[in-house]
Amino acid sequence: MFAKIATFIYQQILASNQKISFKFYVKLRSLILRFTDPLITLSFRGYTLSMPFSHTIFLNQKIYPTYDMQLHKIANYITQKMDFIHIIDVGANIGDTAVFMDMPKAQFLLVEGETRYNDLIEENFYRHYGQATRGDKLIIENTFITDKQSTY
């Protein structure tokens, strides 16, 4: 139930063209986040991502339209010059950068320490690139990177 309400609120924020409705739904979102953070699946500008309601990637893109979208151009350039590309994303979050890069021939190493994001990385990646890319296209490492040496 909360996921449907959360999805509706997020969609209203993204669809808002007036400052007052935008602020209203952002406040409502903040209020709900005090009690729950359900997983939602949302589409915006041609991309569909599963994420916690608290995630701000699409909000950032609404406010800053080129947010997290320029790496595609750089990766395309490298691929044209080298004919291949390997991408490492440390702090991969929900896999949004890999999706926005839109590089179906690339190989990805996505490193994320937050365990609840690992299934979302995989879900978002394969939703965008397709199940045929399973195998050598994606490696997910669930680990934190630090300057301290330790084991856990």
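The values are calculated or read from the model by the stated rules, or taken from the named source; none is laboratory data. The shown structure was predicted, so the numbers you read here are calculated from the model rather than taken from an experiment. Glycine also receives a Cβ, built like all others from the backbone with ideal geometry; neighbour counts cover every protein chain displayed. Accessible surface is based on the protein model in full, side chains and every heavy atom, while ligands, DNA and RNA are left aside. Shrake-Rupley method; radii C 1.70, N 1.55, O 1.52, S 1.80 Å.
Enumerate the aspartates and glutamates that residue 73 could reach by cross-link, defined here as Cα to Cα under 15 Å, with residues fewer than 8 away along the same chain left out.
83, 102
Go through the stretch 40-94 and name the trypsin sites (Lys or Arg not before Pro) that are in a DSSP coil and have 11 or fewer other Cβ atoms within 10 Å of their Cβ. Numbers along the way, then the final one.
On the way: sites: 45, 62, 73, 81; in loops: 45.
Answer in residue order: 45.
Grab the other residues whose beta carbon is less than 9 angstrom from that of residue 107, score K and R as +1, D and E as -1, and report the net. It would help to have the intermediate numbers written out before the result.
Numbers: positive: 105, 137; negative: 136.
Counting the neighbours of residue 107, the net charge comes to +1.
Measuring with a 1.4 Å probe in the full set of protein chains, what accessible area per residue, in whole Å², belongs to the chain?
Values: 9630 Å² over 152 residues.
With the other protein chains kept in place, the chain gives 63 Å² per residue.
What residue among 125, 2, 79 has its Cα farthest toward the positive end of the dipole of the chain, where the charges are +1 on Lys, Arg and -1 on Asp, Glu, each on the Cβ?
Most positive-ward Cα: 2.
When the helices in the chain are scored as -39500 (n - 2.57) per DSSP H run of 4 or longer and the sum is shared across all residues, what 222 nm value do you end up with, to the nearest 500 deg cm²/dmol?
Details: 6 runs with 69 residues, N = 152.
The per-residue figure over the chain is -14000 deg cm²/dmol.
Just by accessible area at a 1.4 angstrom probe, what is the order of 116, 29 from largest to smallest? Please list the in-between numbers first.
On the way: 116 115, 29 20 Å².
Largest to smallest exposure gives the sequence 116, 29.
Once you charge only the Cβ atoms, +1 for Lys and Arg and -1 for Asp and Glu, what is the size of the charge dipole of the chain about its Cα centre, to the nearest 20 debye? Display every interim value, and only then the final one.
On the way: 16 positive and 14 negative charges, 159 e Å.
With Lys and Arg at +1 and Asp and Glu at -1, about 760 debye.
Just to confirm the filter: which chymotrypsin sites (Phe, Trp or Tyr not before Pro) across the stretch 24-122 are DSSP coil and have at most 16 other Cβ within 10 angstrom of their Cβ? Before the final figure, lay out the partial values.
Working: sites: 24, 25, 35, 44, 47, 53, 58, 67, 77, 84, 100, 108, 117; in loops: 35, 53, 67, 84.
Here the sparse-neighbourhood loop sites are 35, 67, 84.
Rank these residues by their accessible area, most exposed first, probe 1.4 Å: 150, 30. Intermediate values should be presented prior to the final figure.
Numbers: 150 90, 30 60 Å².
Ranked list, largest accessible area first: 150, 30.
At a probe size of 1.4 Å, how large is the accessible area of residue 26, to the nearest 10 Å²?
50
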